[in-house]
Each structure stands twice: as C-alpha cells, then as structure tokens.
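Undergrad: Next up is a structure, given as structure tokens.
The values are calculated or read from the model by the stated rules, or taken from the named source; none is laboratory data. Keep in mind that what you see is a predicted model, and the values were worked out from it rather than measured. Here the Cβ positions follow ideal geometry from the backbone for every residue, glycine too, while neighbour counts run over all protein chains shown.
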C-alpha cells in the first residue's frame, strides 16, 4: 500500500501513488478514477522519487 492503478479501457494503465494520510478509500478512488485496481504493489518508496498524488510529499518507507 498505497498505490492505485487506473485503467483506460485498453492495455494502458496509470499508477497513482499516495502517502498513508492521503490514500483514498476504495469507494472514493472508484468514484474519482472509475476503472481501478486498488492497493497495488509498488517498488520500495525509499528507493524511488515517487510523490503523493494529492499532497505531492515524497513517499518514504512509512507510506508503504
């Protein structure tokens, strides 16, 4: 946790990463992004430069 993968009706998808504080409920994520896969696996955040989709904070191990 916390990543959501958004699907676009074809083979394209887009991962959305969130800090623990901003991670939306499954109902909220489905309402906003429509076709999703909730709580997807992700690389270790300490080894990446991913930022939260909402607050833009750099993600760290505590967000996993």
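Undergrad: So which residues in the range 45-61 are touching a helix residue (DSSP H, G or I) at 6+ places or on another chain (Cβ under 7 Å) and either more than 14 Å from residue 3 (Cβ to Cβ) or assigned to a loop (DSSP other than H, G, I, E, B) (or both)?
TA: The answer is 46, 59, 60, 61.
Undergrad: Something else about it: Give just the number: which of (1) touching a strand residue (DSSP E or B) at 6+ places or on another chain (Cβ under 8 Å); (2) outside any strand (DSSP E or B); (3) in contact (Cβ under 8 Å) with a residue 12 or more places away in the chain does residue 22 not satisfy?
TA: (1)
Undergrad: Then there is this: Looking at the range 6-40 only, could you name the residues that are modelled with pLDDT of 90 or more and closer than 21 Å to residue 60 by Cβ?
TA: Answer for the range 6-40, where residues must be modelled with pLDDT of 90 or more and closer than 21 Å to residue 60 by Cβ: 15, 16, 17, 18, 19, 20, 21, 22, 23, 24.
Undergrad: A further question follows. Quick check on residue 38: is it surrounded by 12 or more Cβ atoms within 10 Å (Cβ to Cβ), free of Cβ contacts under 8 Å to residues at least 40 places away in the same chain and within 10 Å of the chain's Cα centre (by Cα)?
TA: It is true that residue 38 is surrounded by 12 or more Cβ atoms within 10 Å (Cβ to Cβ), free of Cβ contacts under 8 Å to residues at least 40 places away in the same chain and within 10 Å of the chain's Cα centre (by Cα).
Undergrad: Based on this model, can you work out whether residue 53 counts as more than 12 Å from the chain's Cα centre (by Cα) and in contact (Cβ under 8 Å) with a residue 12 or more places away in the chain?
TA: The answer is no for residue 53.
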